[in-house]
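These notes concern the structure reproduced below.
The values are calculated or read from the model by the stated rules, or taken from the named source; none is laboratory data. This is a predicted model, so every value here is computed, not measured. Backbone-built Cβ (ideal geometry, glycine too); neighbour counts: all protein chains shown.
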Amino acid sequence: MSLIAKQMLVTEMAEILSDTLGQDEVDLVAELLTDTLCRYELERFEDEENSAAEFDTILSMFLDTKRLEGRSERTIDRYQYIVGRFRKQEQIPIKQVTAFNIRRWLAYEKSQGLCDNTLRGFRGVLMAFFGWCHKEGILQKNPCLNVGDIKCKKEVRLPYSPVDIEKLKSSCDCVRDKAILNFLLSTGCRISEVCGLNIDSIDLRNRECTVLGKGNKERVVYFDKITAMYLESYIKSRTDDCEALFIGKGTQRMHPGGIRKMLHQVADKAGVDNVHPHRFRRTLATSLIKHGMPIQEVASILGHDKIDTTMTYVYIDAQTIKNSYCKYA
């Protein structure tokens, strides 16, 4: 608070007290108040409504920045949801947020049953948001810097076994489901990428297609002869005019939820546990590495910018490591 503002505050307080106190008492209070204010840097307290409006405005600016940087709408929605969830729970002006507020909120979310992996993701979003606020000069420092990383238990995420794959394939009821399952296994595409494909995106002759991945990045993926056979059979069986590669009921483009539902039904029939689309990516990555493909090329197929990300997809069992040791030692 500036010197002029402090003087105005003292004068205003003196006028209020003059109705109930004598002049000598008012002068004494004014003197004590002046001495006290000199030891503090004060800011005007904003009411809750204005504080919430300011927070929302800054969040909107942050989201616009991320859109310009090429983030997907799914990522934007995640940013908005997590930061909005924090603001709703804490209900304080953005400039008053401290590491204590963030730790308290994360502890609260954990008490509600959220796992450490989810909390780690929440912390990462807040780190990005408040880091941007600091970079833009909105905050003097990023309060997340003093919030330590959340350690998570490293779970071994297994790929599908060859037996699992055969069970799933034999449990598909129609050529469409067989085409989807083989396509996921052969290309390692994300489920959103599969849903976004059109028929004219597929090159059956060269067994390849171009997909649009995260960050609007295109990449070429490949599939085997069996997948090409099922794709060709499925496309020829279609009588609709929908451009989408895979369609659901009503000849509408399939959405991720529809493919997940189909996979769960196939899994129940096959008796295979933990069936989800992302596991096909893990299975392909593990298979390619075992067959000698360089990790850089596997990362390119999966659409990863960082090799470290690809390594988290690869599972190497103890017997494979032992065989390699015996081969090279």
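Quick notes on this one:
- Residue match in the stretch 179-187 (condition: surrounded by 14 or more Cβ atoms within 10 Å (Cβ to Cβ) and over 24 Å from Gln252 (Cβ atoms)): yes
- Test: residue in the stretch 294-301 that is crowded, with 20+ Cβ neighbours inside 10 Å and free of Cβ contacts under 8 Å to residues at least 40 places away in the same chain: yes
- Filtered by the rule that a residue be part of a helix (DSSP H, G or I), surrounded by 15 or more Cβ atoms within 10 Å (Cβ to Cβ) and among the acidic types (Asp, Glu), the stretch 204-253 gives no residues.
- Across the stretch 108-141, the qualifying residues are those that are assigned to a helix (DSSP H, G or I) and over 20 Å from the mean Cα position of the chain (by Cα), and the one among them that is farthest from Ile82 (Cα to Cα) is Lys135.
- Between Leu204, Leu197, the distinction of being under 21 Å from Val175 (Cβ atoms), among the aliphatic types (A, V, I, L, M), at pLDDT 90 or above and in contact with a strand residue (DSSP E or B) (Cβ under 7 Å, 6 or more places away or on another chain) belongs to Leu197 only.
- Restricting attention to the stretch 76-93, the residues being closer than 16 Å to Leu63 by Cβ, of a type outside the set (Asp, Glu) and either surrounded by fewer than 13 Cβ atoms within 10 Å (Cβ to Cβ) or at pLDDT below 90 (or both) number 1.
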